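Below: the structure, in C-alpha cells.
The values are calculated or read from the model by the stated rules, or taken from the named source; none is laboratory data. Computed from a predicted structure; not experimentally measured. So basically every Cβ, Gly included, is an ideal-geometry build from the backbone, and we count neighbours across all protein chains shown.
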Amino acid sequence: MILVTGGAGFIGGNFVLDWLANPRAEGIINLDKLTYAGNLATLDSLKEDSSHIFVHGDIGDKELVSKLLNEYQPRAIINFAAESHVDRSIHGPAEFIQTNILGTFNLLECAREYWGKLDESTQKQFRFHHVSTDEVYGSLSLTDPAFTETNPYEPNSPYSASKAASDHLVRAWFHTYGFPVVTTNCSNNYGPYHFPEKLIPLVILNALAGKPLPIYGDGQQIRDWLYVGDHCSAIREVLVKGKLGETYNIGGCNEKPNIEVVKTICHILDELKPRLDAKSYAEQITFVKDRPGHDRRYAIDASKIERDLGWRPAETFDSGIRKTVQWYLDNPVWVEGVVSGSYRDWLQKQYQ
Ligand code: NAD
Ligand code: TYD
C-alpha cells in the first residue's frame with residue numbers, strides 16, 4: 001500500500017485515479033479532511049475498487065495517522081494535503097498555518113515513529129514524498145532566469161510562506177533524523193477536477209455562465225502552466241528514482257501571462273461552444289482590483305528532473321488546455337456538485 005493525503009483534491013485526486021488505472025499498482029489509503037476543496041465525486045469511479053480505501057480525517061490527527069500507518073504498513077507516503085489557494089490565505093491565513101505547517105509536522109512525526117520500528121530492509125524502501133510549489137521561491141522579474149532547486153526561498157503570501165515552512169521541516173527531518181524524504185516543487189497545474197476558484201476553471205465556468213472573467217491588475221503576471229497528468233507522472237518517477245534528501249523542480253516550460261491564458265480559453269470556447277449571440281467570450285473579460293502582494297512571474301527550470309530522472313511533460317499548453325476545456329464541457333454533473341453554497345459565498349466575498 002501507499003498512503004496518499006489530500007487525495008480528494010485536485011492534484012491528489014488526479015494522482016489516485018492515474019495510479020489505480022494501472023492494474024498492477026499497489027493499493028492506496030487516501031486520507032482527506034474533505035475541506036471545501038476536497039470532493040468525493042472525483043473518486044466516484046473507484047467506489048467498487050477494493051484497492052482504494054478512503055479515510056475521512058485530518059493529517060494533524062496524531063492518533064488517526066499513527067493508527068493508519070500501523071494498520072496498513074504503507075511503503076510510502078505522498079503528502080498532497082494542504083490549504084492551497086493564495087487568495088483564501090490572504091483573507092484567512094490560520095487554516096494554512098494549521099494544515100500546511102502543523103499538519104505536515106504531525107505527519108512527519110507519526111511517519112518517523114512508524115519508520116523507526118520497521119525492519120532494516122523495509123526501512124530502506126520507505127519514502128516520504130512531500131508535494132510542494134514553486135511559489136516558495138518568490139517572484140521573478142521578466143529577465144530573471146527560471147527557478148532552480150538552489151534558489152533561495154523568498155515566499156510572499158501566507159500560502160507560500162506556510163508551504164516554505166513545511167518544506168523546511170521535511171528537509172530538517174532528513175538531515176537530523178535520516179528520515180527518507182524527497183520534495184518536489186511544481187509550477188501551476190491545470191486540468192480535470194480543478195476546483196473552480198482557481199484561474200483556469202473559474203474562467204471556463206464564468207464564460208459559460210455569461211459572467212465576467214475577472215483579471216487581476218493588468219493581467220501581465222506570468223505563470224508556468226503544467227498539465228496535472230504530467231505532474232502525476234513526475235511524482236511517480238521521483239517515487240521510484242528520486243534521490244533521498246533531494247528536491248526536484250517540476251514545470252511545463254509554458255510561461256504565459258494571465259491575459260493570454262484567458263484569451264486562449266475564450267477562443268477554444270468560441271470554437272467548441274459558441275455564444276448564442278455569436279460574439280466572442282473575450283467580450284466578458286473584466287479587469288478587477290489586483291491581489292495584494294501579487295507575485296509577478298514564476299518560471300521553473302526543470303532540467304534537473306529531466307537530466308537525472310528522464311522525466312518530461314507529455315502535454316504542450318495547447319493540447320492540455322484544449323483537453324481541459326473539453327473536460328469541463330463534458331462533466332456538468334461534477335461541476336454542479338462542487339458549485340455549492342460555500343463556493344457562492346466565496347465568489348461574493350472575493351469579487352463582490
Ligand atoms: P486542493 O486544494 O485542490 O486539494 C487539497 C486537498 O487536501 C483537499 O482534498 C482537502 O480536503 C485536503 N486537505 C486539506 N487540509 C487537510 C488536512 N488537514 N488533512 C487532510 N486533508 C486535507 O489542492 P491541490 O491543488 O490539489 O494541491 C495539492 C498539493 O500540491 C498542495 O500541497 C499544493 O501546495 C501543491 N501544489 C499545487 C499546485 C497547483 O497548481 N494546484 C502547484 C504546485 C504544488
Ligand atoms: P491562481 O489560479 O489562483 O493560482 P496562483 O495564485 O497560485 O498562481 O491564479 C493564477 C494567476 O491568475 C495569478 O496570477 C492570479 C490570477 N487570477 C486572476 O487574474 N483572476 C482570478 O480571478 C484568479 C482566481 C486568479
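Within the option set Phe15, Phe96, being within 22 Å of Val228 (Cβ to Cβ), in contact with a helix residue (DSSP H, G or I) (Cβ under 7 Å, 6 or more places away or on another chain) and within 16 Å of ligand 2 (Cβ to nearest atom) holds for one residue only, Phe96. Restricting attention to region 261-300, the residues that are surrounded by fewer than 18 Cβ atoms within 10 Å (Cβ to Cβ), of a type in the set (Asp, Glu) and within 20 Å of Asn189 (Cβ to Cβ) add up to 0. Looking only at region 231-246, decide whether some residue is surrounded by 20 or more Cβ atoms within 10 Å (Cβ to Cβ) and either within 16 Å of ligand 2 (Cβ to nearest atom) or over 21 Å from the mean Cα position of the chain (by Cα) (or both). Checking region 231-246: at least one residue is surrounded by 20 or more Cβ atoms within 10 Å (Cβ to Cβ) and either within 16 Å of ligand 2 (Cβ to nearest atom) or over 21 Å from the mean Cα position of the chain (by Cα) (or both).
Among the residues of region 153-201, write down those that are closer than 21 Å to Ser139 by Cβ and out of contact with any helix residue (DSSP H, G or I) (no Cβ under 7 Å at 6 or more places or on another chain).
Across region 153-201, the qualifying residues are Asn156, Ala161, His168, Asn188, Lys198.
Look at (1) closer than 15 Å to Glu246 by Cα; (2) in contact (Cβ under 8 Å) with a residue 40 or more places away in the chain; (3) surrounded by fewer than 20 Cβ atoms within 10 Å (Cβ to Cβ) and you find that Gln125 fails only one, number (1).
Does Thr183 qualify as being within 21 Å of Asp18 (Cα to Cα), among the β-branched types (Val, Ile, Thr) and buried (at least 16 other Cβ atoms within 10 Å of the Cβ)? Criteria met by Thr183. Look at region 267-293: where a residue is under 21 Å from His85 (Cα atoms) and a partner is among the acidic types (Asp, Glu), sitting 6+ places away or on another chain with Cβ atoms under 9 Å, you get Phe287/Asp218; Asp290/Asp218; Arg291/Asp87. Highlighted here are the strands (runs of 3 or more DSSP E) found entirely within region 110-218 that include at least 3 residues which are within 14 Å of ligand 1 (Cβ to nearest atom), farther than 27 Å from Tyr343 by Cβ and out of contact with any Pro (no Cβ under 6 Å at 6 or more places or on another chain): 127-133, 181-186. Does any residue of region 49-70 turn out to be part of a helix (DSSP H, G or I), in contact with a strand residue (DSSP E or B) (Cβ under 7 Å, 6 or more places away or on another chain), within 11 Å of ligand 1 (Cβ to nearest atom) and among the small types (Gly, Ala, Ser)? Taking every residue of region 49-70 in turn, none turns out to be part of a helix (DSSP H, G or I), in contact with a strand residue (DSSP E or B) (Cβ under 7 Å, 6 or more places away or on another chain), within 11 Å of ligand 1 (Cβ to nearest atom) and among the small types (Gly, Ala, Ser). Among the residues of region 43-77 satisfying the criterion of being under 26 Å from Phe179 (Cα atoms) and small (Gly, Ala, Ser), which is farthest from the chain's Cα centre (by Cα)? Step by step, filter region 43-77, then rank; the result is Ser66.
When Tyr343 is tested against the conditions (1) modelled with pLDDT of 95 or more; (2) over 13 Å from Leu226 (Cβ atoms); (3) among the aromatic types (Phe, Trp, Tyr), the lone failure is (1).
Among the residues making up region 133-192, those that are of a type in the set (Asp, Glu) and more than 15 Å from ligand 2 (Cβ to nearest atom) are Asp144, Glu149, Glu154, Asp167. Working only within region 121-132, note down all residues that are within 16 Å of ligand 2 (Cβ to nearest atom) and of a type outside the set (Ser, Thr, Tyr). If the condition is that a residue be within 16 Å of ligand 2 (Cβ to nearest atom) and of a type outside the set (Ser, Thr, Tyr), then Val131 is the only one that fits. In region 251-269, the condition of being part of a strand (DSSP E or B) and of a type outside the set (Lys, Arg) is met by at least one residue. From the list Glu113, Glu120, the one residue that fits, being more than 17 Å from Asp167 (Cβ to Cβ), without any contact (Cβ under 8 Å) to a residue 40 or more places away in the chain and charged (D, E, K, R), is Glu120.
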